[in-house]
Amino acid sequence: MSGPIYRRKKSLSYRLRKNKRLVKASSVLLPLLLGIVIFVLWQTQVLHAILHTDTFTLPLPSRIAEIISDNIGKIMSNTGATLIAAISGLVLGSFIGYGIAILAAVFPVWGSGGLSIVAAFNAIPIVALAPVMTNWTKDVSKNASVRSMVAKILVVMIVCIANMSINAYRGLTELPVYSEDLMSVMAAKRRTVFRKLRLPNSVPYIFTALKVSVPSSVITALVSEYFAEYVIGVGRQIRENIVLAQYSTAWAYITVACLIGIIMYMILMAIQGIFLKHRGL
């Protein structure tokens, strides 16, 4: 009796795992359900009892929403500054990183060594890199806002270069088995092999790098704003309000920072789905 029942349950579990629509839906619904549960526990102050804190240190979601609504103009201005730093650094770092990966793939003699040096830059803590860049860019412009923005973009760029270069290099060099030999048999030139085989093979690796770089760019921009010369940006507002013990306002900006990261990541996933589907990958 137990045998057929067990096989039936196993078969149902197998079908559920193989149902792509269900798997895709669960990947969205389960995190959403978890978020709803946390929101309810937070709003009903159950979370406060668990964490042994009060509504001054951890304000209710309704209070955070009220502050965002009342200060939407200022919040949007600071959000814009953070987005400029994050997106600019992400784009520049990704292009430079991919260029380094191409050079490393074309000239493999120094490729591994060059990538090791690039990776070493990524090991530098942001809290150490940001003040250095702020000091280094002090003569870039007489305008403090320009100097501050350049410093933040450079910090984000450095972080994103390593992510892209290492992943893209793998895509350019880790080719399908016998694919390069097949193109050699067909007398394909080195340039043709690179354009028809290596570059297309690197596309999934580019998106893998961006999945790391997108949240990293937001975090790096926020941390860089802590040390920026010009007082603007979501990260700087979090710092300033914590110093002033304005925890409700600080949490409002923390919520905005989370939304920035989530929205940018969702946009990336949408672009990846469209691009890879179009290419049949």
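The values are calculated or read from the model by the stated rules, or taken from the named source; none is laboratory data. All values reported here derive from a predicted model rather than from experimental measurement. Here the Cβ is made from the backbone with ideal geometry for all residues, glycine too, and neighbour counts use every protein chain on show.
Test LEU58 against the criterion of being in contact with a Leu (Cβ under 8 Å, 6 or more places away or on another chain) and either more than 17 Å from ALA250 (Cα to Cα) or surrounded by 12 or more Cβ atoms within 10 Å (Cβ to Cβ) (or both), and give yes or no. Considered against the rule, which asks whether it is in contact with a Leu (Cβ under 8 Å, 6 or more places away or on another chain) and either more than 17 Å from ALA250 (Cα to Cα) or surrounded by 12 or more Cβ atoms within 10 Å (Cβ to Cβ) (or both), LEU58 comes out as yes.
Kindly indicate whether any position in the range 87-96 is surrounded by fewer than 19 Cβ atoms within 10 Å (Cβ to Cβ), aromatic (Phe, Trp, Tyr) and more than 19 Å from CYS160 (Cα to Cα). The answer is no, given that none of the residues of the range 87-96 is surrounded by fewer than 19 Cβ atoms within 10 Å (Cβ to Cβ), aromatic (Phe, Trp, Tyr) and more than 19 Å from CYS160 (Cα to Cα). For the range 210-242, the candidate set comprises residues that are modelled with pLDDT of 90 or more and farther than 20 Å from MET157 by Cα; within that set, the residue that is surrounded by the most Cβ atoms within 10 Å (Cβ to Cβ) is GLN237.
Would the range 130-138 turn up any residue that is closer than 30 Å to GLN246 by Cα, polar (S, T, N, Q) and in the same structural domain as ILE262 (by TED's automatic domain parsing)? Yes.
Filtered by the rule that a residue be part of a loop (DSSP other than H, G, I, E, B), modelled with pLDDT under 70 and surrounded by 11 or more Cβ atoms within 10 Å (Cβ to Cβ), the range 1-55 gives a lone residue, ASN19.
Within the range 120-160, being at pLDDT 85 or above and basic (Lys, Arg) holds for ARG147, LYS152.
Scanning the range 85-92 finds no residues that are farther than 15 Å from VAL156 by Cβ and among the small types (Gly, Ala, Ser).
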